[in-house]
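Structure first, commentary second.
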Amino acid sequence: MPFRLISTGFRPATVCLSGLLATALMTFSASSSAAVPYSMDSQGRMVLANGQRFTPQELGLTPAQARAGAKENSTRRMPTYSPPPPKKSKAAEPSLVSADESDADGIQTDGTQAEGTQTEDSMAQLRAQERLSLEDNAENNPLAITAYKRNYLLPWAYNSTPNAEDFDAVTKEGDVDNSEVKYQISFKVQLMNDIFKDNGDIFFAYTQRSWWQAYNSDASSPFRETNYEPEAFIQFDNKLELLGWTNTRNRLGFAHQSNGRSDPLSRSWNRVYADMMFQNGDWAVAITPHWRIPEDSDDDDNPDLDDYIGYGDITLGYTTDQHEITWMVRGNPSKGNFGNQVDYSFPMFGKVRGYVQYYHGYGESLIDYDHSVNRFGLGFSINTFFAGLPET
């Protein structure tokens with residue numbers, strides 16, 4: 001491979017040096033057969049292990065060579081996919097891209113996708129592959145953990161209908177504030193992989209969500225509620241297509257959730273759940289039914305929990321240009337009780353994303369499972385709900 005550095009105008013010295021170093025590493029790898037691991041993002045750029053992104057042209061490669069190298073350097077299986085024939089437009093128009101300006105896979109020399117060569121279903125597969133690649137890079141690093149659910153901080157979360165009755169059991173020093181801080185920490189660690197030939201990975205995961213009365217000085221700013229949720233699950237990667245949707249991932253797991261309180265505020269439950277992810281272009285749906293493990297009536301802190309949160313969650317999401325909006329709904333239709341959460345996140349700087357959250361109804365937290373809240377929050381997140389989509 002020729003050693004060259006393509007000029008792109010003025011750039012900061014650190015970026016130029018990074019490109020030069022990446023070019024040297026890629027050149028060395030070609031001559032010595034040593035692989036420099038990298039993956040490809042949705043824009044056709046090469047993503048190195050340190051997060052730097054370069055177009056294939058900046059490193060003296062064609063898009064086809066870059067994609068081939070990404071596959072060869074993969075540390076584990078990648079879902080295979082054969083895209084269907086390109087769909088013809090209603091009115092055929094002459095292409096503005098000549099044959100020598102695009103490769104056999106429909107990728108133009110500038111790294112973009114030629115019009116008409118990429119379908120919605122294949123985009124879902126590419127996003128599933130990128131999620132696997134990003135997770136594998138972390139799982140193969142003994143010093144790294146992987147994001148699970150959203151990790152976010154809402155410095156301001158306003159609830160117009162706070163649970164004053166249960167707050168009196170937390171402290172007698174003051175009344176509950178409408179404004180508080182809400183945050184969530186969530187991660188997972190792979191314990192075993194490929195237990196069924198080339199599929200079936202076992203994970204341990206932990207999620208903690210807290211509601212902090214940080215601005216309530218009259219009550220000494222207590223933590224009003226914290227929910228702890230350890231879980232274990234087995235994950236199967238998939239590529240089954242149904243009615244234009246691709247089932248990219250399935251999980252089966254066990255979860256325990258509690259708030260670590262003593263009576264009368266103690267809340268806890270155990271459940272077995274399934275989690276199925278479907279993607280279609282920029283759209284994604286997660287269907288998560290669960291079955292609550294029965295408890296003795298004397299030990300059950302919340303025997304009517306199913307009357308309010310129901311038997312599962314459904315989350316619908318749309319992602320475009322690094323912006324993500326999701327709508328989660330849960331509840332028990334036979335009881336007329338529902339909970340809805342709408343989330344919107346957008347890029348800000350680095351890994352930090354702006355984050356807006358709105359929750360209305362039952363089941364936001366264990367302490368409020370039977371209390372309807374109406375909360376609006378503003379803050380930051382570092383990953384999306386459908387983690388692994390390009391550029392998240």
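What follows draws every value from the coordinates through simple rules; no lab data is involved. Values in this document were obtained by computation on a predicted structure and should not be read as measured data. Glycine also receives a Cβ, built like all others from the backbone with ideal geometry; neighbour counts cover every protein chain displayed.
For E225, the conditions (1) under 22 Å from the mean Cα position of the chain (by Cα); (2) in a strand (DSSP E or B) all hold with the exception of (1).
Is it the case that some residue within region 354-369 is of a type in the set (V, I, T) and either in contact with a helix residue (DSSP H, G or I) (Cβ under 8 Å, 6 or more places away or on another chain) or within 30 Å of R53 (Cβ to Cβ) (or both)? Yes, region 354-369 has at least one match. Selection of region 231-245 for residues being in a strand (DSSP E or B) and either over 21 Å from S186 (Cα atoms) or of a type in the set (D, E, K, R) (or both) yields E231, D237, N238, K239, L240, E241, L242, W245.
Can we say A219 is crowded, with 16+ Cβ neighbours inside 10 Å, among the aliphatic types (A, V, I, L, M) and under 17 Å from A274 (Cα atoms)? So A219 does not fit the description; no.
From the residues in region 158-174 that are of a type in the set (D, E) and exposed (fewer than 13 other Cβ atoms within 10 Å of the Cβ), which one is nearest to Y362 (Cα to Cα)? Spell out the reasoning first.
Initial filter on region 158-174 (of a type in the set (D, E)): 165-166, 168, 173.
Next cut, exposed (fewer than 13 other Cβ atoms within 10 Å of the Cβ) only: 165, 168, 173.
Details: E165: 16, D168: 20, E173: 27 Å.
Looking at residues that are of a type in the set (D, E) and exposed (fewer than 13 other Cβ atoms within 10 Å of the Cβ), I get E165.
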